[in-house]
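This report refers to the structure that appears directly beneath it.
The values are calculated or read from the model by the stated rules, or taken from the named source; none is laboratory data. All figures in this text were calculated on a predicted structure; none of them were measured in a lab. Here the Cβ is made from the backbone with ideal geometry for all residues, glycine too, and neighbour counts use every protein chain on show.
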Amino acid sequence: MARSRVFGPVGRLPWNASYWPWPGGCVRPSSKAFAAIASVALSALTFADDALPRFRETKPAWMGERDDPGADGWASEVFSAAAARQLGRLARWMEAEPGEGIDLAVLAHESFTAGAVRASRLRVVYEQGSLRVRRPAPEGIEADDDTVTGVKGLENALAAVLEPLRNTAQRRVKFEVFGVTARSPSGNGPVSTRVRWQVVGRTASGSLQLNAIWSCDWEFSSSGVALLRSIEVEEYEEIVFTGPGATLFSDCTESVLGADPAFNKQLRFGNEYWMRRMQSVLGIDNYGHHGLAVGDVNGDGLEDVYVCQTGGMPNRLFVQNADGTARDVSADAGVDFMERTHAALLIDLDNDGDQDLVLATQASLLFLANDGTGRFEKVGESMISAYSLAAADYDADGDLDVYATAYVAPSEWDRQGGLGLQPLPYHDANNGAANVLVRNDGEWTFTDVTSETGLDVNNRRWSFAAAWADYDGDGDQDLYVANDFGRNNLYRNDGGRFVDVAAEAGVEDSASGMSVSWGDYDGDGRLDLYVGNMFSSAGNRIVPQDGFQPGAGESVKSDFRRFARGNTLFRNNGDGTFRDVSEAAGVTMGRWAWSSPFVDLNNDGWEDLVVGNGYITNENSGDL
């Protein structure tokens, strides 16, 4: 077999035209070619923020027409938008102090009716330390015979809901319509919407959060205004947190990094600030596809953090001080690369006891050796553009090997501003870039063994994340790959050769795979699987409608419904197969999910789940 070796030790690379328009060869800031371009872009930093030009956005007429669901015959989306406007008014009423809100008469139909929207009998379903969760007792909300009618009835019902929040401050209310059903086939008459509702407020001793799902019936006036006919509660829970800061976690960014220039002069401003000041030729983007790695780089027993950044910004290595603060040492450590970097690993590649560094950049895969003090030397490079990395000793030879997911080739993705190549077909795409397994052969020599090991099967699937684990308990490391736009892979390791068994194991999970995590959530000794996808309220509304892809078969529509559902929890059956327990476990709603690791947050011995979500927030505090 022809061996594909990574280059040996090399110096700093010059501009690489093959990766235009991005700076190639993973250039350090001292590169003359890069510095010349950077000096032009960074000259804009002399302008104050309020001195930069601002433009009023104008949309051509055709764009407004394309964004009009009514023009396309999508009555359900017209109904949804009308209901959402009224729910927005209702949210403002619930956030306001008594007497300051809007008149509920503009929201409610004269014949409005509702039962109890908050159960009087709640039971504690979870309580530990500072956290308590209550839900309706087994007899349910239906046991409360408190039917109300009319506008005054709506006001009384909402007052009952808000009673626990009466003494809260900084109250925030959000509604989200995720289901629409016309009561009559013609689309005339009442319309029912399923609505997710959440309110959070600070209390004197902590905070209170209410979560609910409502089924709301609406009547539309002749002028198109949606008026509430009824509210029925499907789910309800109250979460009480007692403790300082009013949240489970405290933002300690400034206390840890605030004294460091890297934070004060760059990180604290956010990506939008720099996008308005830097040329796109430097590789800056707003997608946020940049990870981090945690490890002890200098052997002092404290965990340090390596932060990947967008193009034109130096990656940062923050070394932890004894007092819990951290300082940026990336330049001194030789790891302040300014190439757009998606992922990093801090792992011991040469078995010398310290943490080496692997970087997945826009241009290549980099291997850097740690000298034991936290200084790194680039000792290998492979021209592989990767999005995420996962390491394991797949062949049991005593050293760590690296799997890199490629998602899509940079030359394709960057055409037309990131819209050059589209996933085809959208729900089961197979036109992404090939992932790569790089075997560690020692002495800083690595070999591409993707085809040799069987991992080139089903290997064009827009892969975004991967994780190793011995799910079948046979002593070797298996591999799960989460793919955007379609089915995922579960590669079973059979003595160093891999077979994709995702279909037979029941874990293809055809959706928008963003992350994967292994953990034993039920304590049965077997590794279970959690996959981060994207919950879509719009998808949940639109896909069930008759007008959605009327010519498509039921299997295709089922795939699209699955796309919109959200995250997935697979329980390991112990026989090589898994069971989807997501909805029973209540873990599908992760919003636009990214990272989703298992972690025991409260040290009670049970694996909890943390889901990072959102997308390109900028200054919009509402986000998604």
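Going through (1) at pLDDT 90 or above; (2) within 21 Å of Ala331 (Cβ to Cβ) one by one, Asn440 falls short only on (2). If only residues of segment 450-475 that are among the aromatic types (Phe, Trp, Tyr) and at pLDDT below 95 are counted, the one that is farthest from the chain's Cα centre (by Cα) is Trp462.
Give the residue that is nearest to Gln422 (Cα to Cα), with candidates limited to residues of segment 454-463 that are hydrophobic (A, V, I, L, M, F, W, C) and surrounded by fewer than 24 Cβ atoms within 10 Å (Cβ to Cβ).
Trp462
The residue that is surrounded by the fewest Cβ atoms within 10 Å (Cβ to Cβ), among those in segment 423-434 that are under 21 Å from the mean Cα position of the chain (by Cα) and not small (Gly, Ala, Ser), is Tyr426.
Scanning segment 422-434 turns up no residue that is of a type in the set (A, V, I, L, M, F, W, C), in a strand (DSSP E or B) and assigned by TED's automatic domain parsing to the domain that holds Tyr403. For segment 341-358, filtered to residues that are in contact with a Leu (Cβ under 9 Å, 6 or more places away or on another chain) and assigned to a loop (DSSP other than H, G, I, E, B), the residue that is farthest from His289 (Cα to Cα) is Asn351. Taken over segment 567-609, the criterion of being touching a helix residue (DSSP H, G or I) at 6+ places or on another chain (Cβ under 8 Å) and part of a loop (DSSP other than H, G, I, E, B) is satisfied by Asn567, Gly576, Thr577, Thr588. For segment 477-487, does any single residue satisfy the condition of being free of Cβ contacts under 8 Å to residues at least 40 places away in the same chain, more than 21 Å from the chain's Cα centre (by Cα) and crowded, with 16+ Cβ neighbours inside 10 Å? Yes, some residue in segment 477-487 is free of Cβ contacts under 8 Å to residues at least 40 places away in the same chain, more than 21 Å from the chain's Cα centre (by Cα) and crowded, with 16+ Cβ neighbours inside 10 Å. Within segment 184-198, being at pLDDT 60 or above and closer than 19 Å to Phe548 by Cβ holds for Val191, Ser192, Thr193, Arg194. Of all residues in segment 284-306, those satisfying the criterion of being closer than 12 Å to Leu357 by Cα and buried (at least 18 other Cβ atoms within 10 Å of the Cβ) are Ala293, Gly295, Val297, Val305, Tyr306.
Please tell me if Asp580 is closer than 23 Å to His427 by Cβ, of a type in the set (Asp, Glu), modelled with pLDDT of 90 or more and surrounded by 12 or more Cβ atoms within 10 Å (Cβ to Cβ). Yes: the conditions hold for Asp580.
When we screen Asp371, Asp393, Asp356 for residues that are surrounded by fewer than 19 Cβ atoms within 10 Å (Cβ to Cβ) and over 25 Å from Asp494 (Cα atoms), the only hit is Asp371. Taking segment 359-407 and the strands (runs of 3 or more DSSP E) fully enclosed by it, the elements with 3 or more residues that are closer than 24 Å to Ala429 by Cα are at 388-392, 401-405. Mind checking whether some residue in segment 548-559 is under 17 Å from Glu176 (Cβ atoms) and not acidic (Asp, Glu)? No: zero hits. Of all residues in segment 102-120, those that are touching a Pro at 6+ places or on another chain (Cβ under 8 Å) and either modelled with pLDDT of 85 or more or on the phi > 0 side of the Ramachandran plot (or both) total 0. Residues that are among the hydrophobic types (A, V, I, L, M, F, W, C) and part of a loop (DSSP other than H, G, I, E, B) were ranked within segment 310-330; the one that is surrounded by the fewest Cβ atoms within 10 Å (Cβ to Cβ) is Ala322. Regarding Arg461, is this residue of a type in the set (Lys, Arg), part of a loop (DSSP other than H, G, I, E, B) and not assigned by TED's automatic domain parsing to the domain that holds Asn370? Here the answer is yes, as Arg461 does meet what is asked. Of Gly523, Gly614, Gly532, Gly553, all but one fail to be loosely packed, with under 14 Cβ neighbours inside 10 Å and under 23 Å from Pro425 (Cβ atoms); the exception is Gly553.
Checking each residue in segment 238-258 for being touching a strand residue (DSSP E or B) at 6+ places or on another chain (Cβ under 8 Å) and in contact (Cβ under 8 Å) with a residue 60 or more places away in the chain picks out Glu238, Ile239, Val240, Phe241, Thr242, Gly243, Leu248, Val256, Leu257.
Looking across Gly312, Gly291, Gly270, one residue alone is within 27 Å of the chain's Cα centre (by Cα), within 18 Å of Ser388 (Cα to Cα) and in contact (Cβ under 8 Å) with a residue 40 or more places away in the chain. It is Gly291. Scanning segment 121-155 for residues that are at pLDDT 80 or above, of a type in the set (Gly, Ala, Ser) and part of a loop (DSSP other than H, G, I, E, B) yields Gly129, Ser130, Ala137. Residue-level check: of (1) over 27 Å from Asn271 (Cα atoms); (2) in contact with a helix residue (DSSP H, G or I) (Cβ under 7 Å, 6 or more places away or on another chain), Gly324 misses just (1).
Among the residues of segment 477-511, count how many are more than 19 Å from Phe535 (Cβ to Cβ) and basic (Lys, Arg). Of the residues in that region, 2 qualify.
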